[in-house]
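To start, the structure under review is shown below, and the notes come after it.
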Amino acid sequence: MAKVLVVTSGKGGVGKTTSTAALGAALAQSGQKVAMIDFDVGLRNLDLIMGAERRVVYDLINVIKGDAKIEQALIRDKRVETLHLLPASQTRDKDNLTDEGVARVIEGLREKFDWIICDSPAGIERGATLAMRHADVAVVVTNPEVSSIRDSDRIIGMLDSKTLKAENGEQVEKHLLLTRYDAARAQRGEILKVEDVLDILSIPLLAIIPESTEVLRSSNLGAPVTLGSPNSAPARAYLEAVRKLQGETIVEVQKQRGLFSKLFARRAA
Amino acid sequence: MNLFSFFKKNTTSAPVARERLQVLLAHERTIVGGGESDLVASRSRRLSQPCVRPHDKPDRRLRCAACDP
Ligand SMILES: Nc1ncnc2c1ncn2[C@@H]1O[C@H](COP(=O)(O)OP(=O)(O)OP(=O)(O)O)[C@@H](O)[C@H]1O
Ligand SMILES: [Mg+2]
C-alpha cells in the first residue's frame, strides 16, 4: 500500500517540480516503486524535467474522464525502471480535475506502488488542494525569503485542515525542504537563517538544498538532479532527504523550537 | 550622512525580515485562516493567544494592521 506524498509550497517557482523529480528518482533508485503525478493542469513541466516530454500520450485528465486506463497513461522511466510518471494535461480544462476522479486515480495507484508523489501547482486553488487531499506526507518547499515563508505557513494551515487526514482527525506528516539556499548569503545576513525559518514555520527540517547550477544543467538535459548529477551538492541533499523519508524519525524541530513557535503554535501541542 | 544612516546601511536585512514575518504570521494564523474551510486549523491556532506586538516598543517602527486598523 503506497504512501502518498505531496510536494507543495503555495508560492510559485520555489522548486516543487525539481524536488518531485529528484525525490521520486532517488526513491526509485533505492528500489521503491514510485508514481509521480503532475497536478499542474495547463502548465505541466514534470514531463520536461524528467526528459519524457516526447513520450506523453495520455494524461491525468484522460484517466479521470475514462478516455484512457491508468496503465496506458503512466510513463515508465528509461533509466530507473521502478519510476513512473502520470503527466498533467497541457490543454484540457481544469474543471475536469474532480475530487472524485482524483480519488479514483490515487486509490488505483495505491495498490501498485510504494510511493505516490504529487507535484502540486502553485497557489491555493483546486489543483493545489486536490494534490494535497490524499496526502499522508507533505514536503513543504520553501525558499529563505519572506513571501515564500508566508505562503508556506498558509499551506501548512491547509494541510492541517483541508486534507482527508485532517478531516479524520489525523495529521499529515509535514517536512520542510529549504531549497535554493545560499549559505554565504545567510552568513552575511542577507537571507534568513535556517534556524529562523524553522522557528517561524515550526515543522521538522527534511533537508537544505543549496542553490546550484547543477539543477539547471540537469533540467536542461531532462534528468532529475539525483540522476543527472548524482555527486553534486543538491543531489546529495535530496538523497539524504529520501533516507529520512524512508525511516528515520525526525526530532530536530523539538530541539530547535524557539519563542515564536512556542507562542504561536499552529496546533495546541 | 549622519551617524544614524551609517548604522542603518550596515544593518543586515534578514533580522528585519524575521521580525516582520513573526508579526504577520502571528496574526494570519488567527485571522486569514479563519475562513470557514480553514476553521479546524484556525481553532487549533490558539485564538486566545494575546498579540505580542513589537510595535508596543517605541523604538521599533512596526505597524500591525490587525491591531491598529
Ligand atoms: N537548488 C536549486 N538551485 C538552482 N536553481 C534551482 C534550484 N531548485 C530549483 N531551481 C530552479 O528554479 C526554477 C523553478 O523551479 P521549479 O520549476 O522546480 O519550481 P516550481 O515550484 O515547480 O514552480 P511552479 O510553481 O511554477 O510549478 C527552475 O528554473 C529551476 O531550475
Ligand atoms: Mg512546478
* To do: Output the qualifying pairs, or none if there are none: Cβ atoms under 9 angstrom, residues six or more apart or on different chains, first residue in region A:218-245 and among the aromatic types (Phe, Trp, Tyr), second residue assigned to a loop (DSSP other than H, G, I, E, B).
  => A:238/A:224
* Residue that is farthest from residue A:52 (Cα to Cα) [pool: residues in region A:14-35 that are within 14 Å of ligand 1 (Cβ to nearest atom) and part of a loop (DSSP other than H, G, I, E, B)] -> A:14
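Matching residues to (1) within 16 Å of ligand 1 (Cβ to nearest atom); (2) without any contact (Cβ under 8 Å) to a residue 40 or more places away in the chain; (3) within 21 Å of the chain's Cα centre (by Cα); (4) surrounded by fewer than 19 Cβ atoms within 10 Å (Cβ to Cβ):
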{"site": "A:43", "(1), (2), (3), (4)": "yes, no, yes, yes"}
{"site": "A:47", "(1), (2), (3), (4)": "yes, no, yes, no"}
{"site": "A:51", "(1), (2), (3), (4)": "yes, no, yes, no"}
{"site": "A:54", "(1), (2), (3), (4)": "no, yes, no, yes"}
{"site": "A:62", "(1), (2), (3), (4)": "no, yes, no, no"}
{"site": "A:68", "(1), (2), (3), (4)": "no, yes, no, yes"}
{"site": "A:72", "(1), (2), (3), (4)": "no, yes, no, yes"}
{"site": "A:78", "(1), (2), (3), (4)": "no, yes, no, yes"}
{"site": "A:83", "(1), (2), (3), (4)": "no, no, yes, no"}
* Unmet requirement for residue A:174, which otherwise passes all of (1) closer than 26 Å to residue A:70 by Cα; (2) more than 16 Å from ligand 2 (Cβ to nearest atom) -> (1)
* Look at region A:185-213 and say how many of its residues are over 25 Å from residue A:137 (Cβ atoms), within 14 Å of chain B (Cβ to nearest Cβ) and polar (S, T, N, Q). => 1
* Kindly establish whether residue A:11 is within 12 Å of ligand 1 (Cβ to nearest atom), among the basic types (Lys, Arg) and either surrounded by fewer than 24 Cβ atoms within 10 Å (Cβ to Cβ) or modelled with pLDDT of 95 or more (or both). => yes
* Asked: In region A:94-129, which residue that is within 14 Å of chain B (Cβ to nearest Cβ) and either aliphatic (A, V, I, L, M) or in contact (Cβ under 8 Å) with a residue 40 or more places away in the chain (or both) is farthest from residue A:42 (Cα to Cα)?
  -> A:124
* Asked: Which of (1) touching a Phe, Trp or Tyr at 6+ places or on another chain (Cβ under 6 Å); (2) more than 10 Å from chain B (Cβ to nearest Cβ); (3) more than 16 Å from ligand 2 (Cβ to nearest atom) is the odd one out, the single condition residue A:137 does not satisfy?
  -> (1)
* Asked: Quick one: in region A:36-46, which of the residues that are within 18 Å of residue A:106 (Cα to Cα) and assigned to a loop (DSSP other than H, G, I, E, B) is nearest to ligand 2 (Cβ to nearest atom)?
  -> A:40
* So which residues in region A:152-184 are in contact (Cβ under 8 Å) with a residue 60 or more places away in the chain, charged (D, E, K, R) and more than 8 Å from chain B (Cβ to nearest Cβ)? -> A:180
* Name, by its number, the condition in (1) within 11 Å of chain B (Cβ to nearest Cβ); (2) in contact (Cβ under 8 Å) with a residue 60 or more places away in the chain that does not hold for residue A:143. => (1)
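The values are calculated or read from the model by the stated rules, or taken from the named source; none is laboratory data. Because the structure is predicted, anything quoted here is derived from the model rather than measured. With ideal geometry, Cβ positions are generated from the backbone for all residues, glycine too; neighbour counts draw on all protein chains shown.
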